[in-house]
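The values are calculated or read from the model by the stated rules, or taken from the named source; none is laboratory data. Small disclaimer: the values here were computed from a predicted structure and weren't measured. Neighbour counts are summed over all protein chains in view; Cβ atoms, including those assigned to glycine, are modelled from backbone coordinates with ideal geometry.
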Amino acid sequence: MRVPPPKWLTVVRGAAPLVVSLPHTGTTIPAAVGRRLDSRWLALKDTDWYVERLYTSAVLLGATVFRTRVSRTAIDVNRDPSGASLYPGQATTELCPTTTFDGEPLYYPGDEPSAEEVAARRSTWFDPYHAVLADEVRRLREAHERIVVYDCHSIRSVIPRLFDGELPHFNIGTDNGRSCDPRLTADVEAVLADTDFTRVTNGRFRGGYITRRHGRPAGGVHAVQMELAMRGYLREPVGPVDKSNWPPAYDDTFAAPMRDTLRRVLEACLAFAA
């Protein structure tokens, strides 16, 4: 019996052995959360802006595509719900973030979510996201010997609090090789090597909770996270961003080289699964 998706979760079901997850493109902030936020602009600052436009090929390729409408400020479905850091010793944000990536407070003083509220948000949004995702993984795994779970992300190219210098254009995360077969990693790397973009595998971003939870290579489920530096598809401002310049408008022509490369990446994932 399939788990029905909640209204805030868009699921386009395909038959190909590929699941594409878009956990951070949502911009809906529930009223109970929004009234306590210091700034809606700050609350949406770290959205993975326009990433869904880069992966329109996924549906055409027959993939199953997940996208939540709920902002990561309300709940981050790519964090460990136990509270354990995915990157010990490095700055990060929580399951229910209280700061931006730059360290700016999101809530009015004293209005940060309590432990009870975090638990309620987890029950409302986090758990259903992963339940439906796991159900779709099972559905496709029943039809295919192996499948790929591909988790889509993007981030500003320069965030000193999170990493030094400028992030490579493509950041492949496989939990240091634990979430997928090394042949899949090599196939994705080969696509990117044939471009003018920079890349790294298991650098600053090695795969979040989605990759680490759902990647089970021994069970035929291979998960990979792709973190994009936004300058690869947006005219990203130089220096700190503010309300006057962030987010920049999406230009499909400017984004085309990265978008076309991502289609080739998805095709490589399908070829591996097949």
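For residues that are under 26 Å from Pro88 (Cα atoms) and not basic (Lys, Arg), scanning just the range 190-200, find the one that is surrounded by the fewest Cβ atoms within 10 Å (Cβ to Cβ).
Of everything passing the filter in the range 190-200, Thr198 is surrounded by the fewest Cβ atoms within 10 Å (Cβ to Cβ).
From (1) more than 21 Å from Leu61 (Cα to Cα); (2) under 17 Å from the mean Cα position of the chain (by Cα); (3) surrounded by fewer than 17 Cβ atoms within 10 Å (Cβ to Cβ), pick out the condition that doesn't hold for Asp164.
So Asp164 meets the others, but not (2).
Given Glu166, Glu136, Glu145, which one is among the charged types (D, E, K, R), part of a loop (DSSP other than H, G, I, E, B) and under 17 Å from Gly215 (Cα atoms)?
Result: Glu145 is the single residue among Glu166, Glu136, Glu145 that is among the charged types (D, E, K, R), part of a loop (DSSP other than H, G, I, E, B) and under 17 Å from Gly215 (Cα atoms).
Give just the number: which of (1) within 30 Å of Thr98 (Cβ to Cβ); (2) more than 19 Å from the chain's Cα centre (by Cα); (3) not aromatic (Phe, Trp, Tyr) does Ile29 not satisfy?
(2)
Determine, yes or no, whether Phe197 is more than 16 Å from the chain's Cα centre (by Cα), over 21 Å from Asp80 (Cα atoms) and part of a loop (DSSP other than H, G, I, E, B).
The answer is yes for Phe197.
Name the single residue that is farthest from the chain's Cα centre (by Cα) among those in the range 236-274 being surrounded by 15 or more Cβ atoms within 10 Å (Cβ to Cβ) and small (Gly, Ala, Ser).
Ala273
Quick check: is even one residue across the range 126-140 touching an Asp or Glu at 6+ places or on another chain (Cβ under 7 Å) and at pLDDT 95 or above? Break it down into steps so the answer makes sense when it comes.
Of the range 126-140, the ones touching an Asp or Glu at 6+ places or on another chain (Cβ under 7 Å) are none.
No; the residues of the range 126-140 include none that is touching an Asp or Glu at 6+ places or on another chain (Cβ under 7 Å) and at pLDDT 95 or above.
Which condition breaks for Val118 when tested against (1) under 23 Å from Val51 (Cβ atoms); (2) part of a helix (DSSP H, G or I)?
All conditions pass for Val118, except number (1).
Looking for whichever is surrounded by 20 or more Cβ atoms within 10 Å (Cβ to Cβ), touching a residue at least 12 places away in the same chain (Cβ under 8 Å) and not aliphatic (A, V, I, L, M) here; the options are Gly207, Gly219, Gly177, Gly203. Which one fits?
Every option except Gly207 fails the conditions.
Could you go through the range 64-87 and let me know if any residue there is among the aliphatic types (A, V, I, L, M), more than 24 Å from Arg213 (Cα to Cα) and in contact (Cβ under 8 Å) with a residue 24 or more places away in the chain.
no
Given (1) within 23 Å of Gly26 (Cβ to Cβ); (2) without any contact (Cβ under 8 Å) to a residue 12 or more places away in the chain; (3) part of a loop (DSSP other than H, G, I, E, B), identify the lone condition not met by Gly110.
(1) is the only condition that Gly110 fails.
What are the residues in the range 16-39 that are surrounded by 13 or more Cβ atoms within 10 Å (Cβ to Cβ) and over 20 Å from Val51 (Cα atoms), if any?
Matches in the range 16-39: Ala16, Pro17, Pro30, Val33, Gly34, Arg36, Leu37, Asp38, Ser39.
Test of understanding: among Arg35, Arg53, which residue is of a type outside the set (A, V, I, L, M) and without any contact (Cβ under 8 Å) to a residue 40 or more places away in the chain?
Arg35
A quick yes/no check of all residues on (1) touching a strand residue (DSSP E or B) at 6+ places or on another chain (Cβ under 9 Å); (2) small (Gly, Ala, Ser); (3) within 27 Å of Ala256 (Cα to Cα):
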{"position": "Leu167", "(1), (2), (3)": "yes, no, yes"}
{"position": "Phe170", "(1), (2), (3)": "yes, no, yes"}
{"position": "Thr174", "(1), (2), (3)": "yes, no, yes"}
{"position": "Ser179", "(1), (2), (3)": "yes, yes, no"}
{"position": "Ala186", "(1), (2), (3)": "no, yes, yes"}
{"position": "Ala190", "(1), (2), (3)": "no, yes, yes"}
{"position": "Thr198", "(1), (2), (3)": "yes, no, yes"}
{"position": "Thr201", "(1), (2), (3)": "yes, no, yes"}
{"position": "Phe205", "(1), (2), (3)": "yes, no, yes"}
